[in-house]
Amino acid sequence: MAGLLANCPAEVVLARGESDHLVSEEQLRELVPAPVTLSGLGHNAHLEDPAALFGLL
């Protein structure tokens, strides 16, 4: 993942739901300086609340 991000010409935002038990904020912080944690959501935040992700696009 780090290699893909390093070669990506676009800005990348990594996000997780605060109740995500599969990916921690610390893991995302290893890849980007400011990961986003979405309040009240889990691992499938994009399905749980698609509108919560629109602001990140």
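Scanning the range 19-37 for residues that are over 22 Å from Ala2 (Cα atoms) and under 10 Å from the mean Cα position of the chain (by Cα) yields a count of 0.
Annotation note: Cβ proximity below 7 Å between a residue of the range 19-39 that is free of Cβ contacts under 8 Å to residues at least 60 places away in the same chain and a residue that is acidic (Asp, Glu) (sequence gap 6+ or interchain) occurs for Pro35/Glu25; Thr37/Glu18; Thr37/Glu25; Leu38/Glu18; Ser39/Glu18. None of Gly17, Gly40 is surrounded by 10 or more Cβ atoms within 10 Å (Cβ to Cβ) and on the phi > 0 side of the Ramachandran plot except Gly40. The criterion of at least 3 residues that are aliphatic (A, V, I, L, M) is met by the following helices (runs of 4 or more DSSP H) wholly inside the chain: 2-6, 50-54.
Readers should treat all values here as calculations from the given coordinates under stated rules, not as data from a laboratory. These figures come from a predicted structure and were not determined experimentally. Note: ideal-geometry Cβ built from the backbone for every residue, glycine included; neighbour counts use all protein chains shown.
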